[in-house]
Amino acid sequence: MKDSNKHKGLRKKLVLELLNKGIRDEKVLNVINLIPRHFFLDKDFENFAYIDKPFPIGEDQTISQPYTVAFQTEKLKINTGDKILEIGSGSGYQTSILVSLKADVYSIERIYNLYKSSKKILSSINLMPKKIVWGDGYLGLLDVAPFDKILIAAACNEIPTKLLKQLKIGGKMILPIGNKKNQIMNLITRISENKIKKIELGNFLFVPMLKNKI
Ligand code: SAH
């Protein structure tokens, strides 16, 4: 895999586009500028890598739109060493962004082939998270919890209760909530054992979060 000057130029343009669309966190923009998103797509489609759109990655799934990746990451305000649970590794691109921000990342993917391929790419570019797990994200990772932040990259009908319980008090979770066609991004802060604060952050479109690994 090659990261040419052309790719780097296209990335710079993408970063400017994200800035225009309202992404302001310099650390986030910086890692988007650094990470070759085309490595996460099939070689035949690398020209699509720096267009601000989602793109199919097989298995009926998509790599998230760069704006969405930047948005979810920015809202979580990632600090070095944060323990983060990501649900839906997909291509591994969002995972690579979180790892580059020096967080301790644990990622769960339901589809075996995507789990395998994302692991391969991430290790080839030296951005392996602490752990990638093939499993059902609704269950979280009890043995690693509690987490500082949880990022869900698939649409939920409601806040998954098991995941909320694995969030530290003071921790934040970002997730799209809604049906197949209409979802609203929600930023949840767990303010005490039984209390949350919920902020709605506009409409997005994700593939649905499904139960059980395949
Ligand atoms: N952020 C990823 C794309 C996410 S697409 C990227 O940048 O490539 C959503 C992903 O969530 C898909 O890969 C899908 O298989 C996965 N997914 C759906 N339901 C899941 C579940 N219950 N547990 C874990 N992963 C799930």
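GNM remark for the chain: springs join alpha carbons under 10 Å apart, and the peak mean-square fluctuation among 124, 100, 91 falls on 124.
Which of 144, 209, 124 sits closest to the plus end of the dipole of the chain, meaning its Cα is farthest towards the positive end, when Lys and Arg get +1 and Asp and Glu get -1 on the C-beta? The Cα lying farthest towards the positive end belongs to 144. Under the convention that each Lys and Arg Cβ holds +1 and each Asp and Glu Cβ holds -1, the size of the dipole of the stretch 57-204 around its Cα centre is about 260 debye. Can you give the local net charge around residue 47? Use residues other than it whose beta-carbon is closer than 15 angstrom to its beta-carbon, Lys and Arg +1, Asp and Glu -1. With Lys, Arg at +1 and Asp, Glu at -1, the net is +3. Within the stretch 1-65, the trypsin sites (Lys or Arg not before Pro) that combine a DSSP coil assignment with at most 13 other C-beta atoms in a 10 angstrom radius are 2, 21, 24.
Take every DSSP beta bridge whose two residues both sit in the chain; close to 50 percent of them are antiparallel. In loop segments of the stretch 145-214 as defined by DSSP, the GluC sites (Glu not before Pro) with at most 12 further C-beta atoms inside 10 Å of their C-beta are 158, 193.
With the full set of protein chains in place, find how many percent of the accessible area of the stretch 1-41 is carbon and sulfur; take the probe as 1.4 Å. Intermediate results must be reported in sequence, preceding the final value.
Numbers: 1330 of 2440 Å².
Carbon and sulfur: 54 percent of the exposed surface of the stretch 1-41.
Over what distance in Å are the Cα centres of the stretch 136-214 and the stretch 1-79 separated? The stretch 136-214 and the stretch 1-79 have Cα centres separated by 22 Å.
About its Cα centre, the dipole of the stretch 11-69 is roughly 360 debye, where the only charges are +1 on Lys and Arg Cβ and -1 on Asp and Glu Cβ. Out of the trypsin sites (Lys or Arg not before Pro) in the stretch 114-200, which ones are loop residues according to DSSP with at most 11 other C-beta atoms within 10 Å? Of the trypsin sites (Lys or Arg not before Pro), the ones in loops of the stretch 114-200 whose Cβ has at most 11 other Cβ atoms within 10 Å are 180, 181. Near residue 160: Cβ cut-off under 12 Å, other residues only, Lys/Arg at +1 and Asp/Glu at -1. The net charge is +1. If you take all other residues with their beta carbon under 14 Å from the beta carbon of residue 198, and give Lys and Arg +1 and Asp and Glu -1, the sum is +3. Calculated accessible area for the stretch 72-214 comes out at 47 Å² per residue, all protein chains present (probe 1.4 Å; ligands, DNA, RNA ignored).
By the Stokes-Einstein formula, at 0.692 mPa s and 37 °C, the stretch 47-94 with its Kirkwood radius over alpha-carbon pairs has D equal to 274 µm²/s.
The values are calculated or read from the model by the stated rules, or taken from the named source; none is laboratory data. Remember, it's a predicted structure, so these values are computed and weren't measured experimentally. Please note: Cβ atoms are built from the backbone with ideal geometry, for glycine as well, and neighbour counts cover all protein chains shown. Note: accessible area is taken over every heavy atom of the protein model, side chains too, but ligands, DNA and RNA are not part of it. Shrake-Rupley method; radii C 1.70, N 1.55, O 1.52, S 1.80 Å.
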